[in-house]
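The values are calculated or read from the model by the stated rules, or taken from the named source; none is laboratory data. Just so it is clear, the structure is predicted and the values come from calculations on it, not from any experiment. Here the Cβ positions follow ideal geometry from the backbone for every residue, glycine too, while neighbour counts run over all protein chains shown. To get the accessible areas, we keep the full protein, side chains included, count just its heavy atoms, and leave off ligands, DNA and RNA. Shrake-Rupley method; radii C 1.70, N 1.55, O 1.52, S 1.80 Å.
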Amino acid sequence: SLRILGPLRPAKTYDDVNDGSLVAQVELGAARVLFTGDAEAESEAELVEHYGDGLRSDILMLGHHGSRSSTQPKFLQSVEPALAIASCGHHNRFGFVHSEVQSRLQNYRLLRTDRDGAVTLSTDGTRWRVQRGLDNAVEYVRAGARGRRFEGPSPQGLAVGLARSGSRPGGCLE
């Protein structure tokens, strides 16, 4: 299922237009992934207040490409992902993923499209298959296990591709 979680109020009422970003959670069986668009601290705080543990997801697409103003500690605590993914361009001028966000994610597995290339996710509802495009390495994340990875056969089901643009690692969502 697809649940639209945010924005929780009209986008034009936020101080920063990024906080009006669409936030969506996709769920298949026990598997959940949270897409946060360009949501930043204000929107994240509202989501935590409104949904609390309902934000829990195995995989988190970092808000605003991993900018300093997103992926705040309380939000990260509510989501508690096994894997975080940053969609950011190679040598991007903003320096994403920001060092503060990297520090917040020190206890989480982080993949970045600028370093890992395309990240392809698929699930059968009980586990995620995560494939990195740069080296085609594959790892598995058990749905709902918050970080326990294991080897297993390729699951069938939902597939989401996070790709790079052009010939270099990039940051576009397909």
Per Stokes-Einstein, at 25 °C and 0.890 mPa s, what whole-number D in µm² s⁻¹ belongs to the range 1-124, with the Kirkwood radius over Cα pairs as the hydrodynamic radius?
170
Quick check: pseudo-label points 7 Å beyond the Cα along Cα→Cβ at L8 and A137, how many nm apart are they?
3.7
Full-stretch length increase - L22, E100 - with 0.36 nm per residue and alpha-carbon distance subtracted:
25.7 nm
As a Kirkwood estimate from alpha-carbon pairs, the range 40-88 has a hydrodynamic radius in angstrom of 10.6
HN-Hα couplings for the range 114-129 via Karplus (6.51, -1.76, 1.60; θ = phi - 60°), in whole Hz with x for Gly/Pro, come out as 6, 10, 9, x, 4, 10, 10, 10, 9, 8, 9, x, 10, 7, 9, 9
Grab the Cα-Cα distance for D15 and D53, subtract it from 0.36 nm times how many residues apart they are, and report the gain in nm with one decimal.
11.1 nm
Residues whose built amide H sits under 5 Å from the amide H of R32, excluding neighbours closer than 5 in sequence, are D58, I59, G144
Using just the C-alpha positions of the range 1-59 as equal point scatterers, what log10 of I(q)/I(0) does the Debye formula give at each q in 0.24, 0.25 1/Å?
-0.93, -0.99
Quantify, in whole percent, the carbon and sulfur part of the accessible surface of the range 1-48 (1.4 Å probe; protein heavy atoms only).
60
